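The values are calculated or read from the model by the stated rules, or taken from the named source; none is laboratory data. These numbers come from a predicted model, not from an experiment. Cβ coordinates were reconstructed from backbone atoms using ideal geometry, including for glycine residues, and neighbour counts include every protein chain displayed. These area figures cover heavy atoms from the full protein model, side chains too; ligands, DNA and RNA do not enter into them. Shrake-Rupley method; radii C 1.70, N 1.55, O 1.52, S 1.80 Å.
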Amino acid sequence: FLVLDKYVQGLPWESLPVLRGRSVSRIPSMAFLLDRLDRTKINPARTFYVLNPSGDLKHTEQTFSGWLRDMNWNGVTGRPPSELEIMNALSEDDLFM
């Protein structure tokens with residue numbers, strides 16, 4: 001899911017090589033995503049996240065890290081997840097973000 005602000009929403013993010021061939025959806029906010037998850041059989045408490053894996057988006061990391069901690073989700077910040085972390089997340093969690 002992509003949550004984009006008014007400054008970057010016009011860019012063709014879905015065309016980036018890393019996202020080609022993947023299921024990508026634009027949503028207006030994280031609150032919208034959480035509301036949609038409440039209506040599914042997905043348990044949002046079982047979420048694994050990856051925030052700023054390349055370490056170059058310090059402002060984004062600062063903006064979201066506190067919120068993600070408050071959600072009590074498992075995840076990694078400021079580094080790429082290991083292969084084992086990805087395998088565990090895909091097998092044990094309901095949502096990978």
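For region 1-90, relative contact order (Cα pairs under 8 Å, six or more residues apart, normalised by length) works out to 25 percent. The label point for L11 and the one for Q62, both projected 7 Å from the Cα toward the Cβ, are 1.9 nm apart. Candidates L90, G10, P28 compared by Cα position along the dipole of the chain: farthest toward the positive end lies G10, with charges placed on Cβ. Annotation for V3 and D35: the two label points, set 7 Å from Cα along the Cα-Cβ direction, are 1.3 nm apart. Each part gets one Cα centre, and for region 1-30 versus region 58-97 those centres are 19 Å apart. Taking θ as phi - 60° and the Karplus parameters 6.51, -1.76 and 1.60, the scalar couplings of region 49-59 work out to 10, 10, 10, 6, x, 8, x, 9, 10, 4, 5 Hz in sequence order, x denoting glycine and proline.
Taking the chain as a Gaussian network, Cα atoms linked when under 10 Å apart, which of R39, R20, R69 shows the biggest mean-square fluctuation? Of R39, R20, R69, the most mobile in the Gaussian network model is R20. Between the beta carbons of D94 and R26, assuming R0 = 25 Å, the FRET efficiency works out to 0.70 to the nearest 0.05.
The stretch between V18 and E85 holds 22.2 nm of extra length on full extension. This uses 0.36 nm per residue minus the Cα-Cα distance. Accessible surface calculations at 1.4 Å, restricted to protein heavy atoms, place region 24-97 at 67 Å² per residue. With all protein chains in place and a 1.4 Å probe, the accessible surface of the chain carries 55 percent carbon and sulfur.
GNM on the chain, alpha-carbon springs under 10 angstrom: the most fluctuating residue among V50, V24, V76 is V24.
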